[in-house]
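Some notes on the structure that comes next.
The values are calculated or read from the model by the stated rules, or taken from the named source; none is laboratory data. Note that the structure is predicted; figures quoted are calculated from it, not measured. Backbone-built Cβ (ideal geometry, glycine too); neighbour counts: all protein chains shown.
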């Protein structure tokens with residue numbers, strides 16, 4: 001049954017966890033970013049694996065889709081922050097570009113995972 005699916009085996013969860021780790025590592029060496037972009041980026045990255053996993057913990061179709069929608073919104077926030085000029089001043093362009101590419105791939109994985117939500 002889909003509700004007992006081990007979400008840790010999905011590419012979406014593994015990518016989300018990897019991206020969260022990489023974002024935190026990138027910010028560790030970035031120093032103090034102006035404004036709240038650093039903490040926002042970190043919070044958004046750390047929220048995604050949790051939201052993806054929570055989507056399949058004894059949830060119905062609506063809760064599953066809502067949590068995955070929330071995860072997708074956090075990935076969109078990540079993408080927006082990774083494109084911000086203030087972040088680009090502190091995280092080297094190639095590193096920010098790599099994180100952005102991973103976030104874009106993750107967005108696609110989350111969209112595919114929506115099809116595995118339990119039926120209503």
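So the values come out like this:
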| quantity | calculated |
| --- | --- |
| Any chance residue 42 is surrounded by fewer than 16 Cβ atoms within 10 Å (Cβ to Cβ) and part of a helix (DSSP H, G or I) | no |
| Single unsatisfied condition, residue 118 versus (1) part of a helix (DSSP H, G or I); (2) touching a helix residue (DSSP H, G or I) at 6+ places or on another chain (Cβ under 6 Å); (3) modelled with pLDDT under 95 | (1) |
| Extreme residue, surrounded by the most Cβ atoms within 10 Å (Cβ to Cβ), among residues of the stretch 66-112 that are in contact with a helix residue (DSSP H, G or I) (Cβ under 8 Å, 6 or more places away or on another chain) and in a loop (DSSP other than H, G, I, E, B) | 91 |
| Filtered residues of the stretch 45-58 (kept if more than 14 Å from residue 26 (Cα to Cα), in a helix (DSSP H, G or I) and free of Cβ contacts under 8 Å to residues at least 40 places away in the same chain) | 47, 49, 50, 51, 54 |
| Residue in the stretch 23-33 that is modelled with pLDDT under 80, in a helix (DSSP H, G or I) and surrounded by 13 or more Cβ atoms within 10 Å (Cβ to Cβ) present | no |
| Options 41, 89, 68: the member that is over 18 Å from the mean Cα position of the chain (by Cα) and either touching a residue at least 24 places away in the same chain (Cβ under 8 Å) or farther than 22 Å from residue 109 by Cα (or both) | 89 |
| Test: residue in the stretch 9-20 that is in a loop (DSSP other than H, G, I, E, B) and in contact with a helix residue (DSSP H, G or I) (Cβ under 7 Å, 6 or more places away or on another chain) | yes |
